[in-house]
Amino acid sequence: MQTETVFSAFDQGPLEHQPPPVRVWGRISQVQGQAISIKGLNSFAGLSALIRVEPHENEGENTAAMSGEVISLTDTQAVAIMYDNPEGLRVGQRVYLDKDSPPRPCEDWIGHCLNYKGAAINAPQPKTGTIDAPLQAAPPPAILRKALGERLQTGVAAIDCFLPVCEGQRMGLFAGSGVGKSTLLGAIAKSSNADVSIIALIGERGREVRHFVEDTLGPEGMKNAIVFVATSDEPSAIKMRTALLAMATAEYFRDQGKQVMFLFDSLTRYAEAHRDIALSAGEVPSLRAYPPSTFRALASYCERSGPGLSGSGDISAIFSVLVAGSDMEEPVADMVRGILDGHIILDREIAERGRYPAINLRRSVSRSLPDAASPEENKLLMKTRRLVTKYEESQTLIQAGLYAAGSDPVLDEAIFYYPAIEDFMASIEPLETLSWFTRLAEIYAPTPAVEDEVSRKETASKEALSEEIVSSDNTAARHKLPTV
């Protein structure tokens, strides 16, 4: 450990009356990828402590200071992961302990797009609040948490009816790449009736960030939203810190009594970032190279969302999970399904036939049902699910023309109503949930046109049956043996 006395230009009063600040520093002993090993700091730095590598007048390679975070400690050295590109760092270069100030969110952050420091990517810079929001906060005690609250409005018919998100509920959005996850999250943010929406874009393609903010969300969506961004090219440490800052901000607004809609894209990139850091810290890889601590980190992060304590607000969350090849059994997807309160599956086959959002109703479930809906609403949902299941199980038979109308009354009903159900599933409007249920009920409401169609099909079925009987009789007559 080394120390040096530094006099600040901002000290007030005569220097002889001011205690000189002391800075603790060590030296780089190894640089490996984004991680650096530091001798001399291990006795003074704690885990997650910030470090700073400053340029020196004799070290011309570095033109700007670099920062990072301590991720591992031994009795001889500290290991830190860098927030910046470590190119140009040298063995023996000084590394200083840096002061870490907890973020202080406030209402002025709403409408801004922020980075891992809480600084606005789209100027001007927002103000800073007065209350600390720790990045590594513990979730509320389980026994003291409230139950799930009322249904939230998302503006997506399929979610508001069949997969409701209640106040304090945590849902997973599972899909492969390019199936519409970000677009669906943007639609939810625009139509949600929550007090504030916190959106974390972790590992997102840089090109899509501006499109998401300006086009998908738009000015209307940004009115009550804060967007945190860490793009795919940024180091894993920045992705992790951005995700933690987004959750800390959501917790701040929850503690202010607000209903928070937390939209996270994607939990898979968060797990990959944690894996990179954990392996750099020396942890042993396990399933798919994920160390065991990654799964605990996922559970801890998701658990911070959910219902708050009595008198506070709630964090209702939708976490997107990127599933390679639509493999729902891959480690992150399998782990997350078990810790959330439901899952929404986006199906590439549905997207390819042109229906957005491409929600697979048969494979998706919300654990707030049936309690979140009335008995009449549950009957309507059960009927629709039954018809969708019946149609899709017989789809190959129908498309091949092998199904004869009238053979199965339930399938006949499913064939008749399926196009209207598909149109309903594609509906996205800022409507209240009761309005969506009214529209769904109207699909089955008897009208002259519907009654005529049903009557026509019944008549056609009877005629087909009669023709089949007559044909059978004629065949039997032709093959009747002569009387001897």
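The values are calculated or read from the model by the stated rules, or taken from the named source; none is laboratory data. Not measured: the values here are computed from a predicted model. Note that we place each Cβ from the backbone using ideal geometry, even for glycine, and neighbour counts take in every protein chain shown. Each accessible area value is taken on the protein alone, full model and side chains, heavy atoms only, with ligands, DNA and RNA left out. Shrake-Rupley method; radii C 1.70, N 1.55, O 1.52, S 1.80 Å.
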Every residue in segment 329-360 that is aliphatic (A, V, I, L, M) and open to solvent by less than 20 Å² (accessible area, probe 1.4 Å), please.
Val332, Ala333, Val336, Leu340, Ile344, Ile345, Leu346, Ile350, Ala351, Ala358, Ile359
What are the residues in segment 94-146 that are out of contact with any Leu (no Cβ under 8 Å at 6 or more places or on another chain) and not in a loop (DSSP other than H, G, I, E, B), if any?
Arg94, Tyr96, Glu107, Asp108, Trp109, Cys113, Ala142, Ile143
Of the residues that sit in segment 194-232 and are modelled with pLDDT of 90 or more and of a type in the set (S, T, N, Q), which one is least open to solvent (accessible area, probe 1.4 Å)?
Ser197
Kindly evaluate Asp100 against the criterion of being open to solvent by 20 Å² or more (accessible area, probe 1.4 Å) and at pLDDT 90 or above.
no
Scan segment 252-277 for residues that are touching a helix residue (DSSP H, G or I) at 6+ places or on another chain (Cβ under 7 Å), assigned to a helix (DSSP H, G or I), touching a residue at least 60 places away in the same chain (Cβ under 8 Å) and open to solvent by less than 50 Å² (accessible area, probe 1.4 Å) and report the count.
6
With respect to Ser305, is the statement that it is hydroxyl-bearing (Ser, Thr, Tyr) and at pLDDT below 95 true?
no
Going by what's in this entry, would Arg363 be described as open to solvent by 60 Å² or more (accessible area, probe 1.4 Å) and at pLDDT below 95?
yes
Test result for Ile415, open to solvent by less than 40 Å² (accessible area, probe 1.4 Å) and of a type in the set (Val, Ile, Thr)
no
Those residues of segment 157-193 which are in a strand (DSSP E or B) and either open to solvent by 10 Å² or more (accessible area, probe 1.4 Å) or farther than 25 Å from Arg205 by Cα (or both), in sequence order:
Cys166, Arg170
Name the single residue that is most open to solvent (accessible area, probe 1.4 Å) among those in segment 279-315 being farther than 20 Å from Asp334 by Cα and without any contact (Cβ under 8 Å) to a residue 24 or more places away in the chain.
Val284
Any idea which residue in segment 118-156 is nearest to Pro357 (Cα to Cα), counting only those that are open to solvent by 40 Å² or more (accessible area, probe 1.4 Å) and either within 21 Å of the chain's Cα centre (by Cα) or acidic (Asp, Glu) (or both)?
Arg151
Okay, helices (runs of 4 or more DSSP H) sitting entirely in segment 325-393 with 2 or more residues that are over 30 Å from Arg296 (Cα atoms), I get 348-352, 375-393
